[in-house]
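We did not get these values from a lab; they are worked out from the coordinates using the rules stated. This is a predicted model, so every value here is computed, not measured. For neighbour counting, all protein chains shown are included, and Cβ atoms are generated from backbone atoms with ideal geometry for every residue, glycine included.
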Amino acid sequence: MAANGSTTAPGPDRILVIKLSALGDFILSLGAFRAIRAHHPDARIVLLTTPPFVEMANACGCFDEVWTDDRPHWLDLRRWLGHIAKLRRAGFTRVYDLQRSQRTGWYFRLLGPRPPEWVGSVPGCSHRYVDPPDAVHITVRNAHMLAQAGIAHVPQPDLSFMRADIGRFAIQHPYALLVPGSSAHRPDKRWPAALFAELAKSLAQEGITPVLVGGPAERDAMRTINQLCPQARDLCGQTDIAEMVTLASDARVAIGNDTGPLHVVAAAGCPTVALFGRASHPIKTRPPAQKVTVLQKPNLADVTVPEVLAAIAELTRDNERGP
């Protein structure tokens, strides 16, 4: 009650969205972020994420605050308790757990005995989503989970909100983006650098500048490609996500492995050829954009350069025809 005896109107709902990693999964969750914002237009919405995604989270316009989760070690009790105390003090009325991990399940348990409404997969939560027996794409899984909380429409990922000045690169048009990396611990997701180099040489012969993008973990692969194809532009470690999006928006095509930067360029609307081996699961992680072709063989090295060139020709021909 207020001091004059009148009833105090309740404040806006406080909503927490959890999405910690990784880059590809974060990109694929952008539609879910927009759907949650549209469903709670007057709420104060906080995203809990990790440092690599703070810039993108702030730029997307879906959140009032972005918190970082330093993911304390299981045995670091002091930091765990401090982390849970911060979540408890915030007084969230609902949590959307898009991470659905063992760690976030413990966040739910430690917020008891009266946790907020929780939309996720942890047993005992108010809006529990159970994965179907058959594999589904992460965007479909997000949509089904949010539907249980009354959110009927989840748009596809869209990175149009990110733009940057790329004039400093002075890329000669037309150009193609090559994404030769993947997680350092997943070499089975990498098409051989020698094949990327052969592809780069074929593109250069057609008057298309090959542009190599990725992070420091791809430096050796990019160096190999550049040595075998000097016409390639090596932008290893030089582009942030906004610059990569802007490069992708004007590229003829992108070709790359199953890795986060490939999801970035596909979500930017660039026609994309995704190279998948047995370690990748296109039903679960295929870039959901319309202009995407997946080439998959159990041994990724068995995907040939002529097959990739044929996929590029078909994809760019379809793009020139329009949607």
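Table for the structure above
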read-out: Test for Ile208: is it buried (at least 20 other Cβ atoms within 10 Å of the Cβ), closer than 27 Å to Leu159 by Cα and not small (Gly, Ala, Ser); value: yes
read-out: Test: residue in the stretch 92-114 that is assigned to a loop (DSSP other than H, G, I, E, B) and touching a helix residue (DSSP H, G or I) at 6+ places or on another chain (Cβ under 7 Å); value: yes
read-out: Some residue of the stretch 78-86 being part of a loop (DSSP other than H, G, I, E, B) and surrounded by fewer than 18 Cβ atoms within 10 Å (Cβ to Cβ); value: no
read-out: Residue within the stretch 290-309 that is surrounded by fewer than 21 Cβ atoms within 10 Å (Cβ to Cβ), in contact with a Leu (Cβ under 8 Å, 6 or more places away or on another chain), part of a helix (DSSP H, G or I) and free of Cβ contacts under 8 Å to residues at least 40 places away in the same chain present; value: yes
read-out: Single residue of Ala204, Ala254, Ala232 found to be touching a strand residue (DSSP E or B) at 6+ places or on another chain (Cβ under 9 Å) and under 29 Å from His281 (Cβ atoms); value: Ala254
read-out: When residues of the stretch 93-117 are limited to those that are under 18 Å from Asp69 (Cα atoms) and without any contact (Cβ under 8 Å) to a residue 60 or more places away in the chain, the one surrounded by the fewest Cβ atoms within 10 Å (Cβ to Cβ); value: Gln102
read-out: Number of the condition not met by Ile45 [criteria: (1) more than 19 Å from the chain's Cα centre (by Cα); (2) surrounded by fewer than 20 Cβ atoms within 10 Å (Cβ to Cβ)]; value: (2)
